[in-house]
Amino acid sequence: MNAPSKCPKCGTAVPVGEKFCSSCGFQIQVSAADARDIGARIGLKHEKQTHQQRIRSGRTTILVVAILAFIGSVAVYFIASSELAKARREIDAARGNDQFDQEKVEEAAVEYRKSSRLVAILVGINVLLALCYLGLWFWAKVKPLPATLAALILFITVQVASAAIDPKELVRGLILKVIIIAFLIKAVDSARKYQRMQEHGV
Amino acid sequence: MESDPGLPPEPGPPVVPEWAICRTCGNILREGASFCPDCGHPVRAGVTRPPPRLSARQILYDVQGSNSPVRRVLGFYLIWLVAGIVSVAAAGEGPAAVQVMMGIDAFTFTMTAGWAAAFRREVFRLFRFPKGGARWLAYPALAAWPIAALISLFVGWLQQAIGAEFTYSSLFFPHGYGWGWIILLICIQPALVEELAFRGILQTTLRDTMKSWDAIVVSALAFSIMHWSLPILVPFFLFGAWLGWLRHRTESLWPAMIAHFSHNLLIVLDEHWPVLPG
């Protein structure tokens with residue numbers, strides 16, 4: 001039941017022994033009944049630590065997702081690049097070569113240009129997604145609740161959308177995805193509860 | 001009583017300044033104090049004291065239930081996710097596309113209206129006249145033109161790069177659905193239902209747990225990602241943020257609804273007549 005030297009609500013300095021903060025009226029000393037309720041006070045402190053841990057885990061999860069998304073985009077780039085390079089070589093070899101129908105070669109060249117633009121956009125989208133997650137990781141340091149909530153919404157939607165388009169995508173890394181979602185849900189829950197504790201001056 | 005003008009006034013009892021003693025418990029106050037440090041009563045008139053501090057047990061109980069707004073937001077968003085899944089699973093540009101759209105729109109309309117009815121007190125408040133005057137009904141409609149122009153340019157560039165050619169009209173007119181249907185499903189439905197859902201329900205519920213700007217950002221993100229098109233993520237996010245700001249600034253849904261309707265209408269009209277640049 002030690003009176004702290006700073007008011008937990010407004011931060012003004014409080015001389016030891018005063019029961020209420022002179023500046024904002026916050027009750028600094030707990031009531032006698034509350035002082036006897038040691039179990040609840042210990043439980044409260046324990047909960048606070050749990051929430052802090054879960055928020056930290058959630059932040060790490062967001063970073064992991066950002067890294068995975070970035071790695072994915074790099075992988076797509078390299079795989080697609082090698083396929084495109086192969087097609088490019090075949091087209092170049094066929095050009096001017098009388099063995100091949102030049103009209104078809106030009107058609108193939110147009111298809112190649114379209115494909116390479118498509119690949120660029122695909123890689124760009126994946127990089128954009130990775131940057132979004134990275135941004136959310138930074139934001140989570142300052143505002144854990146909106147950031148983890150946004151990350152959860154983003155992640156679930158992207159997974160559901162890619163599964164609806166190609167159901168095979170859903171099964172790839174399913175366990176990891178479930179774990180990520182679980183960590184994010186716990187982080188959102190804890191971020192809100194921790195914020196509420198701070199409002200109570202805990 | 002006449003006082004002798006030649007003598008100095010008699011010293012009276014010591015004067016204690018009014019702010020020095022708490023009127024409730026008599027404790028001596030420090031200079032500049034707003035509350036008594038012993039009993040917590042306000043010293044000055046017009047100052048309200050904070051609510052009594054809860055016990056640890058009460059705090060634990062309150063904290064346990066504090067995540068209900070977040071759960072509501074996630075639950076409500078899940079409904080839109082389900083609608084998205086169905087619309088993609090039944091996708092296509094054949095004659096059934098409009099019927100699927102009608103079905104999805106009926107579903108989201110019902111769910112959103114039902115949710116709004118459950119929280120009708122907060123939701124009805126949003127249908128008030130916009131704070132700041134009638135210009136907030138006109139300005140969104142006008143601002144919708146440059147914004148639709150920008151989005152149309154971006155989408156045009158994207159479609160050219162991918163080699164896809166998508167128009168809303170191609171889903172409707174070739175299959176016998178006329179202007180009435182396209183206006184209803186593409187202009188009126190999103191302006192009504194998406195605004196009620198994302199700016200009305202989602203953003204308002206989020207404001208219970210976070211600052212207004214954070215609520216705008218999260219609801220704009222949900223709004224843009226709900227369209228299930230990653231290339232369009234950033235433009236729609238910015239559009240959603242603008243709509244969210246309109247709702248926040250005017251404490252009303254009407255400006256956002258007008259903006260959304262005007263924007264979609266311009267996009268649809270642009271498919272037939274050159275109302276937008278590019």
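Let me confirm something: among B:LEU171, B:LEU126, which residue is under 24 Å from B:ILE201 (Cα atoms) and not aromatic (Phe, Trp, Tyr)?
That would be B:LEU126, the only listed residue that is under 24 Å from B:ILE201 (Cα atoms) and not aromatic (Phe, Trp, Tyr).
Mind listing just one residue for me: the one in the stretch A:34-56 that is modelled with pLDDT of 85 or more and of a type in the set (Val, Ile, Thr) and, of those, surrounded by the fewest Cβ atoms within 10 Å (Cβ to Cβ)?
Taking the candidates together, the pick is A:ILE42.
Every residue, every condition in (1) more than 14 Å from chain A (Cβ to nearest Cβ); (2) β-branched (Val, Ile, Thr), yes or no:
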{"residue": "B:LEU74", "(1), (2)": "no, no"}
{"residue": "B:TYR77", "(1), (2)": "no, no"}
{"residue": "B:VAL98", "(1), (2)": "yes, yes"}
{"residue": "B:MET101", "(1), (2)": "yes, no"}
{"residue": "B:ILE104", "(1), (2)": "no, yes"}
{"residue": "B:TRP115", "(1), (2)": "yes, no"}
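Here are the criteria: (1) closer than 18 Å to B:TYR77 by Cβ; (2) in a loop (DSSP other than H, G, I, E, B); (3) small (Gly, Ala, Ser). Tell me which single one B:SER252 does not satisfy.
Of (1) closer than 18 Å to B:TYR77 by Cβ; (2) in a loop (DSSP other than H, G, I, E, B); (3) small (Gly, Ala, Ser), only one is false for B:SER252: (1).
Which pairs turn up if I take residues in the stretch B:259-278 that are at negative phi and touching a residue at least 40 places away in the same chain (Cβ under 8 Å) and look for partners that are part of a loop (DSSP other than H, G, I, E, B) and surrounded by fewer than 16 Cβ atoms within 10 Å (Cβ to Cβ) with beta carbon separation below 9 Å, at least 6 apart in sequence or on another chain?
Partner pairs satisfying both residue conditions: B:VAL268/B:THR167; B:GLU271/B:THR167.
Can you name the residue in the stretch A:1-49 that is touching a residue at least 40 places away in the same chain (Cβ under 8 Å) and part of a loop (DSSP other than H, G, I, E, B) and, of all such residues, is nearest to the other protein chains (Cβ to nearest Cβ)?
A:PHE26
If you go through the stretch A:50-69 one residue at a time, do you hit one that is more than 30 Å from A:LYS177 (Cβ to Cβ), aliphatic (A, V, I, L, M) and more than 12 Å from chain B (Cβ to nearest Cβ)?
The answer is no, given that none of the residues of the stretch A:50-69 is more than 30 Å from A:LYS177 (Cβ to Cβ), aliphatic (A, V, I, L, M) and more than 12 Å from chain B (Cβ to nearest Cβ).
Matching residues to (1) out of contact with any Asp or Glu (no Cβ under 9 Å at 6 or more places or on another chain); (2) among the hydrophobic types (A, V, I, L, M, F, W, C); (3) surrounded by 15 or more Cβ atoms within 10 Å (Cβ to Cβ):
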residue: B:TRP115; (1), (2), (3): yes, yes, yes
residue: B:GLY133; (1), (2), (3): yes, no, no
residue: B:TYR139; (1), (2), (3): yes, no, yes
residue: B:LEU153; (1), (2), (3): yes, yes, no
residue: B:LEU158; (1), (2), (3): yes, yes, yes
residue: B:SER170; (1), (2), (3): no, no, no
residue: B:GLY178; (1), (2), (3): yes, no, no
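If I filter the stretch B:257-272 for residues that are among the charged types (D, E, K, R), surrounded by fewer than 22 Cβ atoms within 10 Å (Cβ to Cβ) and part of a loop (DSSP other than H, G, I, E, B), do I get at least one hit?
Yes.
Scanning for something touching a residue at least 12 places away in the same chain (Cβ under 8 Å) and surrounded by fewer than 18 Cβ atoms within 10 Å (Cβ to Cβ), does the stretch B:198-208 turn up at least one residue?
yes
What pairs come up if the first residue lies in the stretch A:102-120 and is more than 9 Å from every other protein chain (Cβ to nearest Cβ), the second is outside any helix (DSSP H, G or I), and their beta carbons are under 9 Å apart, counting only those six or more places apart or on different chains?
Filtered contacts from the stretch A:102-120: A:GLN102/A:ARG95; A:GLN102/A:GLY96; A:VAL105/A:ARG95; A:VAL105/A:GLY96; A:VAL105/A:ASN97; A:GLU106/A:ARG95; A:ALA109/A:ARG95.
Does B:ILE216 fit the bill of being among the β-branched types (Val, Ile, Thr), within 20 Å of B:THR112 (Cα to Cα) and part of a helix (DSSP H, G or I)?
Yes; evaluated as a whole, the condition is true for this residue.
Of B:ARG121, B:ARG57, which residue is assigned to a helix (DSSP H, G or I) and either at pLDDT 90 or above or surrounded by 15 or more Cβ atoms within 10 Å (Cβ to Cβ) (or both)?
B:ARG57
The values are calculated or read from the model by the stated rules, or taken from the named source; none is laboratory data. Just so it is clear, the model here is predicted, and its values are computed rather than measured. A quick note on method: Cβ atoms are made from the backbone with ideal geometry, for glycine too, and the neighbour counts reach across all protein chains shown.
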